[in-house]
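*Asks:* Have a look at this one before I ask anything.
We did not get these values from a lab; they are worked out from the coordinates using the rules stated. All values derive from a computational prediction rather than experimental measurement. As a convention, Cβ positions derive from the backbone with ideal geometry for all residues, glycine included, and neighbour counts pool all protein chains shown.
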Amino acid sequence: MNIENYWSGLLQLTREVKKHNGPVDYCFIKFGDEHEIHINRLLVPDTHWPMVLVVLNPRVLNDHQLASVIELQGVKAILRKNLNMPEEIASFLCTYIPYCFLSVRARQLERAIAITHFAQSLDGKIATLSGDSKWIGNEQNLIHAHRMRALCDSILIGSRTMNCDQPSLTVRLVEGDNPLRIIICSSEGDFRSLQASADEKIIVMGGEEDPCLENAEYVRFPANPDGKISCSDILSYLYQQGIFTVYIEGGATTSSQFMKESMVDIIQLHISPMIFGSGVSSFVLPEINSVQEAITFQHYLFIPMGDTYMFVGEMNAHLHV
Ligand SMILES: NC(=O)c1ccc[n+]([C@@H]2O[C@H](COP(=O)([O-])OP(=O)(O)OC[C@H]3O[C@@H](n4cnc5c(N)ncnc54)[C@H](OP(=O)(O)O)[C@@H]3O)[C@@H](O)[C@H]2O)c1
């Protein structure tokens, strides 16, 4: 069993958790040629294939003789017991398993769960002032972003990121389905890279319908007094469409608007060993006067990512059982 086998098991887990309507206390996963997922049900023991028990509610079940045990505490996955799993596999599972269960929280909140990701320099810059951001992150960060795209139902960016970066927003570096691609754009946008990279429809939020843009669906929202689209309206709308998770890949204006409305659940910051000294900051938020006013994190972790680290922080305590 290699990482790719486990990865296809996690994709199946994500799909099955999404289909499950109701609380999840624990889940057994048997990784193999054909994976088996049992939610809130015991699995018939099989010593041939690695079995993992994921515990969400330790009061209901917290151990099993023949399974490795991973306990979920929000974005943290704690390996409680390891039955012969190589270290590399165990840390891989602990990194990605928390995202497989986000649909449970989405159902409870009746809105999509938002995860925002940036690759940033040591001084917190995500692009130069001329708009160049390729490549601040390393190769592992790119693979990570593709994994997250595959685990999430949708991916969202702002118009300037689309125009500057001309991204594809598809899953190419790992196995998995492309997420629904969403652009917030009221002005004229350059959709060429998105149209060239996949046939699936693009959702455009804001803006007037452009009849020349093929395969695009326009969604209109009433504007806030500041002229912005309400991010809470976006997340509620997505949930109603059966889209339970959204991966926000920038830029700063877009992610910060979600943050201002407390509509970001998880932040992922890939820290690159570079200093810009100028450039576009990761976040653009109202000015604060004292350090005590800074956003802090009760639950966070630093995950090794190739030759550097990724910070993962929870913005809201509601991810905990
Ligand atoms: N290093 C990284 O990980 C990374 C990732 C992504 C982007 N980037 C870089 O970030 C830069 C772009 O960031 P940015 O902050 O300038 O722009 P941005 O966030 O990409 O786009 C901002 C635009 O998106 C639309 N928008 C977003 N949220 C909205 C809302 N709630 N309501 C209404 N409109 C909304 C508006 O478009 P309209 O003006 O059309 O209405 C707004 O002008 C680029 O240089 C890109 O390369 C870096």
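*Asks:* Once the Cβ-Cβ distance between R107 and E293 is put in as r, and R0 is 30 Å, what FRET efficiency do you end up with, to the nearest 0.05? Can you show the working numbers first?
*Replies:* Numbers: r = 33 Å, r/R0 = 1.11.
The pair R107/E293 has a calculated efficiency of 0.35.
*Asks:* Between I303 and E209, what FRET efficiency follows from the Cβ-Cβ distance if R0 is 41 Å, with the result rounded to 0.05? Working shown, then result.
*Replies:* Details: r = 42 Å, r/R0 = 1.01.
The formula returns an efficiency of 0.50 here.
*Asks:* If you place +1 on the Cβ of every Lys and Arg and -1 on the Cβ of every Asp and Glu, how big does the dipole about the Cα centre of the stretch 1-133 come out, in debye to the nearest 20? Mind showing how you got there, number by number?
*Replies:* Details: 13 positive and 14 negative charges, 119 e Å.
So the magnitude is around 580 debye.
*Asks:* Okay, moving on. Ranking I229, I155 by Cβ neighbours within 10 Å, fewest first, what do you get? Intermediate results must be reported in sequence, preceding the final value.
*Replies:* Numbers: I229 19, I155 24.
Sorted ascending by nearby Cβ count, the order is I229, I155.
*Asks:* A further question on this structure: In what order do L235, L301, L285 fall by count of nearby beta-carbon atoms within 10 Å, going from fewest to most?
*Replies:* Values: L235 24, L301 17, L285 13.
Listed from fewest to most nearby Cβ atoms, that is L285, L301, L235.
*Asks:* Separate question: Count the DSSP beta bridges whose two residues both fall in the stretch 3-100, then state the antiparallel fraction as a percent rounded to the nearest 5.
*Replies:* Antiparallel: roughly 80 percent of the beta bridges in the stretch 3-100.
*Asks:* Give me the net charge for the shell around I271: Cβ to Cβ below 14 angstrom, other residues only, Lys and Arg +1, Asp and Glu -1. Before the final figure, lay out the partial values.
*Replies:* Numbers: positive: K125; negative: D123, D307.
Net local charge, I271 excluded: -1.
*Asks:* Springs between alpha-carbon pairs under 10 angstrom, Gaussian network model over the chain: which of D265, D123, D307 fluctuates most?
*Replies:* D307
*Asks:* Taking Cα centroids, how far is the stretch 103-179 from the stretch 1-79 in Å?
*Replies:* Computed from Cα coordinates, the inter-centre distance equals 26 Å.
*Asks:* Here is a further query. Of all beta bridges DSSP finds with both residues in the stretch 44-126, what is the antiparallel percent, to the nearest 5?
*Replies:* On the way: 5 of 9 bridges.
The answer is about 55 percent antiparallel.
*Asks:* Turning to a different aspect of this structure: Which percent of Cα-Cα pairs in the stretch 3-100 sits in each 5 Å bin, short to long?
*Replies:* Here the calculated profile for the stretch 3-100 is 3, 14, 28, 30, 20, 6, 1.
*Asks:* Here's something else I'd like to know. With the crude spin-label approximation of a point 7 Å out along Cα→Cβ, what separation in nm comes out for L129 versus N82?
*Replies:* 4.8
*Asks:* State the number of lysine pairs found in the chain whose Cα atoms come within less than 25 Å, restricting to pairs 8 or more positions apart or on distinct chains.
*Replies:* 14
*Asks:* Which of these, D165, D25, D226, has the largest mean-square fluctuation under a Gaussian network model of the chain (Cα springs below 10 Å)?
*Replies:* The residue with the greatest mean-square fluctuation here is D226.
*Asks:* What does the net charge come to around I182 if you take all other residues with beta carbon closer than 11 Å to its beta carbon, with K and R at +1 and D and E at -1? Spell out each step's value before the answer.
*Replies:* On the way: positive: R181, K201; negative: D153, E217, E249.
Result for the neighbourhood of I182: -1.
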